[in-house]
Amino acid sequence: MKLPSYRRIFKTDYAEDYQELVEKLAVSINNGFDTVYDALNKKLTFGDNIACTIAEFTVSVDASGNPTKKNVQFKLGENQTSIQGLMVIDCYTEGDELPPPSAPFISFVKNEGNVLIKNIKGLTLNTSYVIKVLAIS
């Protein structure tokens, strides 16, 4: 649903006694509403508006779901100090761009400014995948 348009505040809509005050207030109010209106009208982005990091890494897993290479990790963004969870936003085999057989679930630990991948369920064994994640604070 798209937001309905809104009406800006104009000094001429008020009695002459109040126009000077309305003119001063209208700048802040109109600018503030423009920003909020634009943001809520499908212009919010994860990277600009949510404390998060979008990262991509390549990994393959063994029969237990553990990465076959040690220390598969990515760095959190400079303004992100915590992580509540990871969402997989893209996942495909490295060469063929085929999706995994089921939705990947990633177990991780935060280590200083890095996120270390511990285990991934839902991938085909010994197949190299490119995984893009959204790490949310």
Next on the checklist: Checking residue 82 against (1) in contact with a Pro (Cβ under 6 Å, 6 or more places away or on another chain); (2) modelled with pLDDT under 95: exactly one of these is not met. Which one?
Outcome noted: (1)
Checklist outcome for this item: Reported set for region 49-84 where residues are loosely packed, with under 13 Cβ neighbours inside 10 Å, under 29 Å from residue 35 (Cα atoms) and not β-branched (Val, Ile, Thr) is 49, 78, 79, 82, 84
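Conditions tested, residue by residue: (1) within 24 Å of the chain's Cα centre (by Cα); (2) at positive phi.
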{"residue": "26", "(1), (2)": "no, no"}
{"residue": "35", "(1), (2)": "yes, no"}
{"residue": "43", "(1), (2)": "yes, no"}
{"residue": "53", "(1), (2)": "yes, no"}
{"residue": "65", "(1), (2)": "no, yes"}
Next on the checklist: Given the criterion touching a Ser or Thr at 6+ places or on another chain (Cβ under 6 Å) and more than 28 Å from residue 45 (Cα to Cα), identify the matching residue among 66, 126.
Outcome noted: 126
Checklist entry - Is it true that residue 123 is surrounded by 14 or more Cβ atoms within 10 Å (Cβ to Cβ), assigned to a strand (DSSP E or B) and not hydroxyl-bearing (Ser, Thr, Tyr)? => result no
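The values are calculated or read from the model by the stated rules, or taken from the named source; none is laboratory data. Computed from a prediction, not measured in an experiment: that's the story for all the values here. Positions of Cβ are generated from backbone atoms using ideal geometry, with glycine treated the same way; all protein chains shown enter the neighbour counts.
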